[in-house]
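Visitor: Structure below; questions to follow.
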Amino acid sequence: MAEQLLTGPVRESAREPARRRLPAGAVFGASFAVLLTLLLVRDTGVFTMHVAERGDSAANSIIVAQAKHFRLLVGNYSRIGFSHPGPAFFYVFALGEWLGYDVLGALPSPYNGQWLAALALNAALVAAALTILWTWSRSWRAWLWAAAAALAFLGTHDNVLTSTWMPFVYVAPFLLFLTAAASVAAGRTAHLWLLALAGGLLVHGHAEFLLLFVPATALAVLAALRYGRPRPPFVARHWPAAGAVVALFLLPMVLNLVLHWPGEYGKYLGYGGHHASSHGLGADLRYFGWFWLPQPLLGVLLAVAGPAAGLLLARRQPYGESRRFLTAGVGTVALAGLLFAGYVVRGIDVLLPYVGYFFWAAPLLLLMLLVTGAAGLLPRGRPGTVLPVVALAAALVFAGVSPAVPSTPEHLRAGPGVIRAVAAYGRGRPAVLSLDHDSWPEMTALLIDGERAGQRVCVRDRSWQFIVTSQMVCGAREIETGVPVTLATQPGGELVSVSFGGRVMSLPTGSD
């Protein structure tokens, strides 16, 4: 049963030779072990570096603390001024922090547990995508080529699988989402639950996945199942598993809607409509092309030529299943490209590179499909067996030495020490924090450091609530009785000052 949920019924054509079937679970396990080992070897800091996070990492830690008590119903903040739809990633991070730091004490700081959880999650999602490719090809040559392509891509794109920064975190689930969508569209409904899993993660992660990418792709997949030829058999047991996954992801979103009506949804509906492109066609094309190749013009050409080459490869595949999956995969990448182009024009107000990092998954999947399809056309024999092994070994070495793979967490080493100084100075009173705008990364660091140390630090200005949540905004009583603290680039007036991280925390001399 578990095997069928991963693979589904395999219908070999009359011309396709029978192949020894390795369990898909074993392929997933091997892929996961190799990927996670590589990530841990490259990011040894997860076990050795005491990370006092700052900036977005610290802001995320504030809601991870809520997730550890099962109070979190929304996702990370958006610079637009709302919270993204769901908390799924942060419950994963909370599990890593709780298990690795709180329970086992195996990690040097709470953030390291989140970091380890992100590495494990990304390795699992990419391994699942590779396993889907395996279930269609049943060829070690094809799997080796696909794995080599994935590792080469990892070695040329900074922090794709090793960072907890959310723009990077979306890449692996988007890869699995596109791969599972192609598989289901090609007729393998056993992968519906993987499509639901990856889609649920994405919807929780960013409003634009809820508004555009996931529903549009899901509709295309359903249309392919309904109108595609040949029609796949209806397997009743595949749908409840997918429905259960969807229900799990819907639960916190529905609860938040009921408890805090209308939640963030009014802000989501206005998100894309008033962000029509003012960048100009040239800027849009350069932005779109950059995610395909560092030379944007060549990237735009690749966005057209790559799927066309994939369709040609699909027509030459010797077996019906290979043709069907490769065609569906290329179509899924092409659809993702069209949706992303629309997002660039209509959904992005400022063309910041990190907004589109998730889309790297589309050229990665296309590369994996192209090498898989090409492998099916190579002659059998010793060269066809040795070459992919050499390619995988070379890709492992490349990813093992590439400076793009390791991540460097946002870090404020002095943060806990500053909190100790504030605690000694304030003598148990809350620290009421005022700051200039550019000091917000240090603000989030001090808030989470204070939370962990038992020293109340809160923000006086309620306009920061969208980043720090309402629990970190000072109440009227705290403002009245607390120690006023100023965080800025320079000290001012007759103040006691503590310098750190390019900032100065200032306390009035009369506050003690």
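Visitor: If you scan region 225-241, which residues turn out to be of a type in the set (A, V, I, L, M) and part of a loop (DSSP other than H, G, I, E, B)?
Guide: So the first thing to find is which residues in region 225-241 are of a type in the set (A, V, I, L, M), and the list is 225, 235-236, 241.
Once the filter is applied, which keeps residues that are of a type in the set (A, V, I, L, M) and part of a loop (DSSP other than H, G, I, E, B), region 225-241 yields Val235, Ala236.
Visitor: Something else: Note down all Cβ pairs under 7 Å where the first residue falls in region 475-487 and is more than 23 Å from His437 (Cβ to Cβ), the second is surrounded by 14 or more Cβ atoms within 10 Å (Cβ to Cβ), and they're at least six residues apart or on different chains.
Guide: What qualifies is Thr481/Arg429.
Visitor: Every residue in region 382-434 that is assigned to a helix (DSSP H, G or I), among the β-branched types (Val, Ile, Thr) and open to solvent by 50 Å² or more (accessible area, probe 1.4 Å), please.
Guide: The initial filter retains those residues of region 382-434 that are assigned to a helix (DSSP H, G or I), namely 382-401, 415-426.
Pick out the ones that are also among the β-branched types (Val, Ile, Thr) and you get 385-386, 389-390, 397, 401, 418-419, 422.
Hits for region 382-434 are Thr385, Val386, Val389, Val390, Val397, Val401.
Visitor: Which fully enclosed helices (runs of 4 or more DSSP H) of region 76-181 have 1 or more residues being touching a His at 6+ places or on another chain (Cβ under 7 Å)? Let's see the steps before the verdict.
Guide: Details: elements: 88-97, 110-137, 140-156, 166-169.
Hits in region 76-181: 88-97, 110-137.
Visitor: For Ala207, indicate whether it is of a type in the set (Gly, Ala, Ser) and out of contact with any His (no Cβ under 8 Å at 6 or more places or on another chain).
Guide: no
Visitor: Considering region 336-369 alone, what residues qualify as being in contact with a helix residue (DSSP H, G or I) (Cβ under 6 Å, 6 or more places away or on another chain), assigned to a helix (DSSP H, G or I) and open to solvent by 30 Å² or more (accessible area, probe 1.4 Å)?
Guide: Within region 336-369, Ala341, Val345, Tyr354, Tyr357, Leu367 meet the criteria.
Visitor: Provide a single number: the residues in region 211-255 that are among the basic types (Lys, Arg) and either within 26 Å of the chain's Cα centre (by Cα) or open to solvent by less than 40 Å² (accessible area, probe 1.4 Å) (or both). Show your work before the answer.
Guide: Restricting attention to region 211-255, the residues satisfying the condition of being among the basic types (Lys, Arg) are 226, 229, 231, 237.
Imposing the further condition that a residue be either within 26 Å of the chain's Cα centre (by Cα) or open to solvent by less than 40 Å² (accessible area, probe 1.4 Å) (or both) reduces the set to none.
Counting residues in region 211-255 that are among the basic types (Lys, Arg) and either within 26 Å of the chain's Cα centre (by Cα) or open to solvent by less than 40 Å² (accessible area, probe 1.4 Å) (or both) gives 0.
Visitor: If a residue must be in a helix (DSSP H, G or I) and either among the aromatic types (Phe, Trp, Tyr) or in contact with a Ser or Thr (Cβ under 7 Å, 6 or more places away or on another chain) (or both), how many such residues does region 440-466 contain?
Guide: Just the residues of region 440-466 that are in a helix (DSSP H, G or I), to begin with: 440-453, 462-466.
Now drop any that are not either among the aromatic types (Phe, Trp, Tyr) or in contact with a Ser or Thr (Cβ under 7 Å, 6 or more places away or on another chain) (or both), which leaves 440, 448, 464, 466.
Qualifying residue count for the region: 4.
Visitor: Go through region 78-127 and give me each residue that's in contact with a Ser or Thr (Cβ under 8 Å, 6 or more places away or on another chain) and surrounded by fewer than 22 Cβ atoms within 10 Å (Cβ to Cβ).
Guide: Of everything in region 78-127, those that are in contact with a Ser or Thr (Cβ under 8 Å, 6 or more places away or on another chain) and surrounded by fewer than 22 Cβ atoms within 10 Å (Cβ to Cβ) turn out to be Tyr101, Pro108.
Visitor: State which residue pairs qualify: first residue closer than 12 Å to Arg79 by Cβ and inside region 346-361, second residue among the hydrophobic types (A, V, I, L, M, F, W, C) and modelled with pLDDT of 95 or more in any location, beta carbons under 7 Å apart, and separation of 6 or more residues or different chains.
Guide: Ile348/Val355
Visitor: What single numbered condition from (1) within 27 Å of Ser137 (Cβ to Cβ); (2) touching a strand residue (DSSP E or B) at 6+ places or on another chain (Cβ under 6 Å) fails to hold for Leu311?
Guide: It fails just one condition, (2).
Visitor: Take the conditions open to solvent by less than 10 Å² (accessible area, probe 1.4 Å), closer than 24 Å to Val203 by Cβ and of a type in the set (Phe, Trp, Tyr) and apply them to Phe177. Does it pass?
Guide: Values: open to solvent by less than 10 Å² (accessible area, probe 1.4 Å): yes; closer than 24 Å to Val203 by Cβ: yes; of a type in the set (Phe, Trp, Tyr): yes.
So Phe177 passes the test.
Visitor: On the given criteria, is Val245 assigned to a helix (DSSP H, G or I), β-branched (Val, Ile, Thr) and in contact (Cβ under 8 Å) with a residue 24 or more places away in the chain? Even if it seems obvious, please write down each step before you answer.
Guide: Numbers: assigned to a helix (DSSP H, G or I): yes; β-branched (Val, Ile, Thr): yes; in contact (Cβ under 8 Å) with a residue 24 or more places away in the chain: yes.
Yes; evaluated as a whole, the condition is true for this residue.
Visitor: Determine which member of the set Ser61, Ser57 is of a type in the set (Ser, Thr, Tyr), under 25 Å from Asp349 (Cβ atoms), open to solvent by less than 20 Å² (accessible area, probe 1.4 Å) and under 17 Å from the mean Cα position of the chain (by Cα). Lay out the reasoning, then the answer.
Guide: On the way: Ser61 fails: under 25 Å from Asp349 (Cβ atoms).
Going through Ser61, Ser57 in turn, the sole match is Ser57.
Visitor: Go through (1) at negative phi; (2) in contact (Cβ under 8 Å) with a residue 40 or more places away in the chain and name the single condition Val254 misses.
Guide: Failed condition: (2).
The values are calculated or read from the model by the stated rules, or taken from the named source; none is laboratory data. Just so you know, these numbers come straight off a predicted model, no measurement behind them. Cβ sites come from the backbone with ideal geometry, for glycine too, and all protein chains shown count toward neighbours. Surface accessibility is based on the protein's heavy atoms, side chains included, excluding ligands, DNA and RNA. Shrake-Rupley method; radii C 1.70, N 1.55, O 1.52, S 1.80 Å.
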